[in-house]
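Chemist: Below you will find the structure I want to go over with you.
Coordinate-derived values only; no laboratory data. The structure displayed is predicted, hence computed values, not measured ones. Here Cβ is always computed from backbone atoms with ideal geometry, including for glycine, and neighbour counts include all displayed protein chains.
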C-alpha cells in the first residue's frame, strides 16, 4: 500500500480499488517537522525538510524535487 498526500486542506480520501490513501499534505508533513508554505501567486506548495525541497501544484502529475522533475503516481 502506498500513501499519497493531497494538497488541499481537506479530509482524508481513501480510493477504493487503489493502492493510494490520500491525507491532507500540510498537516501531515508539518507533523513530521517539514516546513510547508503555500504560494498564492504561483498556486504552488513548497515543502522543505532537512535541506531537501519539493514544489508541487494541486492537480499536477509532476513535482520538482531538489530541482529535478519527478512524475507522481497520483495527481495532487
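Chemist: Based on other C-beta atoms within 10 Å, arrange 25, 44 from fewest to most.
Modeler: Lowest count first: 44, 25.
Chemist: Tell me, 49, 55, 27, 68 in order of fewest to most beta-carbon neighbours within 10 Å?
Modeler: 68, 27, 49, 55
Chemist: Taking the Cβ of each residue in 72, 29 as the centre, tally the other Cβ atoms inside 10 Å and list the residues starting with the fewest.
Modeler: 72, 29
Chemist: For residue 40 and residue 61, what is the calculated FRET efficiency with R₀ set at 25 Å and r taken between the beta-carbons, to the nearest 0.05? Mind dumping the intermediate values first?
Modeler: Numbers: r = 22 Å, r/R0 = 0.88.
Given R0 = 25 Å and the Cβ-Cβ separation, E is 0.70.
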